[in-house]
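Participant: The structure's right below; bear with me while I get my questions together.
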């Protein structure tokens, strides 16, 4: 959520910043907010004047009664003043509700570092690590490798559940678990994160707090009988741990790493990467979430990207980093970097992690603040998160990049203590 004061004082600047995001943004909503806010402020001035008058007259009524004066006209006048105040309060509540409705649907303002552009083709590559894997033979796709080796069973997952679900079997299940443990161990023991194992369902307030609702409700799985939502990412419960709290400045930055299953309807993605593990309705992920002081958030973003990189480097998987353009930025981020792993079957890089700085956008929605000292005025924290990284896509990348001509797959060295084998066969 944006700062209402900023909208009030710089509406044209806000409209320009949001119109440059590359998405269809109706700038008239900014004018509507400014108009509603102005009406609200005028009403509040009138209410204060009416309350002042009521207090003054009310203090004189006992004196007039004591003097034997008829106070009935004054009492009637005060009744009418009370009605005016009540009507004004009702209108202020209506305005607050309308402003909040609009504000919850306005995206974040891009940071000046965000490049111009409309689609993912306009994202800017800033780094490459390793070289795309080359083969002297025709490599297989991960869905064929996983099926041939008995690691993945798409057919039975389709029978028990439906499309875009996967059953991991035998060494495939062990590989998934090994990657989860390797990622968590790296982030908690080496990168300084505190581990969280969150609930997989959250309430509506949590989904609003991190920005999934109300805009992306069609992409969420809702539990109809109680109103809970299956989490699309651990970002939602972990960020909302501190909703409506005031943190101590001495605690910051707070860094959490959380493994969870994630659930997404993937509305609107028909036909895109539908085979294999790349785009599933249920998948596992380790999420990295940070809470920090505003002046430290972009330094913390660089560290977050480096932490996500570290596990891919440990696996020796080739990847690149791109700075996301305005049109591909999404709703909540002020600046976002995607880490994309090389996938031979696609002959291109595929996103495996997104690392974002939301500045105070989520903190305002979730009301997460901090104080440097107990006497200081609370201010909003900055929140950041990133995949550290997606598990299923890591499985796919390992199968494709480390496959051998005989159909076996070499297990990355860092996973061998977890796997207790060095080849999948």
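The values are calculated or read from the model by the stated rules, or taken from the named source; none is laboratory data. Since the model is a prediction, treat every value here as computed from it, not as a measurement. Note: ideal-geometry Cβ built from the backbone for every residue, glycine included; neighbour counts use all protein chains shown.
Participant: So which of 369, 290 is surrounded by 20 or more Cβ atoms within 10 Å (Cβ to Cβ), closer than 23 Å to residue 207 by Cα and touching a strand residue (DSSP E or B) at 6+ places or on another chain (Cβ under 9 Å)?
Facilitator: Being surrounded by 20 or more Cβ atoms within 10 Å (Cβ to Cβ), closer than 23 Å to residue 207 by Cα and touching a strand residue (DSSP E or B) at 6+ places or on another chain (Cβ under 9 Å) holds for just one of 369, 290, which is 290.
Participant: Can you tell which of 96, 89 is over 26 Å from residue 216 (Cα atoms), assigned to a helix (DSSP H, G or I), outside the structural domain of residue 324 (by the TED database) and touching a helix residue (DSSP H, G or I) at 6+ places or on another chain (Cβ under 8 Å)?
Facilitator: Matching residue, one of 96, 89: 89.
Participant: Just checking: which of the helices (runs of 4 or more DSSP H) contained wholly in the stretch 132-244 hold 3 or more residues that are at positive phi?
Facilitator: In the stretch 132-244, no matching helices (runs of 4 or more DSSP H) lie anywhere.
Participant: Quick test of your reading of the structure: residue 256 fulfils all but one of (1) assigned to a strand (DSSP E or B); (2) closer than 28 Å to residue 142 by Cβ. Name the failing condition by number.
Facilitator: (2)
Participant: Does residue 122 meet the test of being under 30 Å from residue 423 (Cα atoms) and surrounded by 14 or more Cβ atoms within 10 Å (Cβ to Cβ)?
Facilitator: Answer is no for this residue.
Participant: To continue, here is another question. When you go through 333, 306 one by one, which is the residue that is in the same structural domain as residue 126 (by the TED database), farther than 25 Å from residue 411 by Cα and either modelled with pLDDT under 95 or out of contact with any helix residue (DSSP H, G or I) (no Cβ under 6 Å at 6 or more places or on another chain) (or both)?
Facilitator: Being in the same structural domain as residue 126 (by the TED database), farther than 25 Å from residue 411 by Cα and either modelled with pLDDT under 95 or out of contact with any helix residue (DSSP H, G or I) (no Cβ under 6 Å at 6 or more places or on another chain) (or both) holds for just one of 333, 306, which is 333.
Participant: If you check 34, 47, which single one turns out to be within 30 Å of residue 330 (Cα to Cα), assigned by the TED database to the domain that holds residue 97, part of a helix (DSSP H, G or I) and at pLDDT 90 or above?
Facilitator: 34
Participant: Now, a different point. Can you find even one residue in the stretch 143-160 that is over 24 Å from residue 409 (Cβ atoms) and within 32 Å of the chain's Cα centre (by Cα)?
Facilitator: yes
Participant: Considering each of 41, 105, 79 in turn, give the residue that is within 20 Å of residue 5 (Cβ to Cβ) and without any contact (Cβ under 8 Å) to a residue 12 or more places away in the chain.
Facilitator: The unique qualifying residue is 41.
Participant: How many of the residues making up the stretch 130-161 are buried (at least 16 other Cβ atoms within 10 Å of the Cβ) and over 20 Å from residue 177 (Cα atoms)?
Facilitator: Adding up the residues that qualify gives 5.
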